[in-house]
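Q: Next up is a structure, given as structure tokens.
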Amino acid sequence: MKKITAWLCLALMLAMLPLAALADRAYLIDSDSRRITEKELWEWDRESLSFMFNEIFARHGFTFDPGGKFYNWFNNQPWYQNITKVSDQTAYNRTTKLEWDNYHTIKKVIAEMEAVGHPYRKSGNSKLKSWTDFRPAGNWSLTGFEPVTLKSGQKLAVYSAPRADSWRGANGKAMVNTNGSVWAAGWDGNWLQVFYEVNNGGLRVGYVNGSNISGKVKAKDNAAFNQTLYFSREQAAITANCQLTDDPFRNQTIITTLPAGRAVTYLTTAINQNGSVWDYVETTVNGQTVRGYIPSGCLTLPTETLPDIDLSYYGDQ
């Protein structure tokens with residue numbers, strides 16, 4: 001318990017420190033207060049524009065699906081945490097004329113970027129700006145996870161994927177003790193995605209079968225325990241040899257090495273307490289399903305489909 005408490009304190013300290021050479025900023029782009037230009041948008045990678053697009057509506061309380069990368073990002077932004085979450089329609093109705101104009105500009109540039117193959121996410125020594133340069137501020141751990149209080153005295157089997165025949169850490173014996181701190185993101189079917197501290201000082205992300213969890217959980221104190229995860233589940237490809245881990249926090253213990261060209265299922269993107277970006281994927285190891293994290297830059301990411309909004313329905317914008 002002392003170890004995990006110390007780690008959380010360190011996470012808080014790290015979260016308060018800005019990344020090198022980056023100024024603090026509330027938004028990726030101030031599309032609520034000025035007319036943004038196409039020229040400045042071209043200075044960013046294409047993925048960042050999808051965040052800017054959603055940022056317009058997030059400011060008005062748009063509710064994102066748990067588990068998705070936009071949920072992970074915005075729910076760790078202090079300004080978003082203080083907003084009452086509303087329906088899509090309500091968020092759209094609150095959007096200003098200026099923001100709708102900027103919405104059109106962002107969508108136009110995204111389409112043009114796609115047509116010419118503009119980088120989706122910057123890599124290497126690229127001078128492009130990217131959302132990956134700006135981590136959430138405040139006290140957080142791995143984006144998308146929250147503390148959850150489970151009945152003490154339980155030792156629950158943990159698997160890397162939401163199925164009992166999936167790969168399991170600790171030589172097939174991975175367990176979480178509910179006497180210690182447990183963090184959760186939500187449910188994938190009947191499986192709760194959690195992370196917790198392991199004996200070697202590292203941390204592990206995995207799944208616990210809900211049928212094995214005993215005791216009542218208070219909904220108001222454990223939001224993550226009461227939400228379903230909506231992962232992308234898109235096919236993607238590994239672009240450079242990279243290591244798969246279930247510990248994107250400390251030890252980055254290797255599950256396996258994924259070779260370039262390997263097909264995987266992309267699930268979501270998260271950021272750890274140090275500000276590092278990780279893509280969460282599903283693949284197989286020796287015939288067993290396994291989920292884990294790979295560092296940003298190892299994956300050809302699927303492009304999001306941005307919604308087409310019938311503006312006439314939401315007023316004269």
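Values quoted throughout were computed directly from the atomic coordinates according to the rules given, and no laboratory measurement underlies them. Just so you know, these numbers come straight off a predicted model, no measurement behind them. Glycine also receives a Cβ, built like all others from the backbone with ideal geometry; neighbour counts cover every protein chain displayed.
Q: To the nearest 20 debye, what is the magnitude of the charge dipole of the chain about its Cα centre, counting +1 on the Cβ of each Lys and Arg and -1 on the Cβ of each Asp and Glu? Please list the in-between numbers first.
A: Numbers: 32 positive and 30 negative charges, 239 e Å.
Magnitude of the dipole: close to 1140 debye.
Q: Between Trp44 and residues 5 or more places away or on another chain, which pairs have amide H atoms under 5 Å apart, with H built 1.01 Å from N, and which residues are they?
A: Lys129
Q: What does the convex hull of the Cα atoms come to per residue for the range 146-226, in Å³? Mind dumping the intermediate values first?
A: Numbers: hull volume 6.6 nm³, N = 81.
Output value, Cα hull per residue: 82 Å³.
Q: Something else now. Just to confirm the number: angle between the C-alpha axis of helix 2-15 and the first principal axis of the chain, 0 to 90 degrees, nearest 10?
A: For helix 2-15, the angle is close to 10 degrees.
Q: Let me ask another. How big is the convex hull of the Cα atoms of the chain, per residue, in Å³?
A: Measuring per residue, one finds 141 Å³ for the Cα hull of the chain.
Q: Right, another one. Arranged by the count of other C-beta atoms within 10 angstrom, fewest first, what order do Tyr27, Tyr280 take?
A: In order of increasing Cβ crowding within 10 Å: Tyr27, Tyr280.
Q: Now for a different question. Grab the DSSP H runs of the chain that are 4 residues or longer, score each as -39,500 (n - 2.57), total them, divide by all residues and round the 222 nm result to the nearest 500 deg cm²/dmol.
A: For the chain, the value works out to -6500 deg cm²/dmol.
Q: What is the helix-to-structure angle for 97-116, meaning the angle in degrees between its Cα long axis and the longest Cα principal axis of the chain, kept from 0 to 90 and rounded to the nearest 10?
A: Tilt of helix 97-116: around 70 degrees.
Q: Sorting check: for 175-181, 295-301, 143-149, which peptide has the highest mean count of neighbouring beta carbons within 10 Å, and how do the rest follow?
A: Peptide ranking by packing, descending: 143-149, 295-301, 175-181.
Q: Could you work out the pair-distance distribution P(r) of the range 234-300 from its alpha-carbon pairs, with 5 angstrom bin width and percents rounded to whole numbers?
A: Histogram of Cα-Cα distances, whole percents per bin: 4, 19, 33, 27, 13, 4, 0.
Q: Can you tell me which of Asn125, Asn274, Asn93 moves the most in a GNM of the chain? Springs connect C-alpha atoms under 10 Å apart.
A: Asn125
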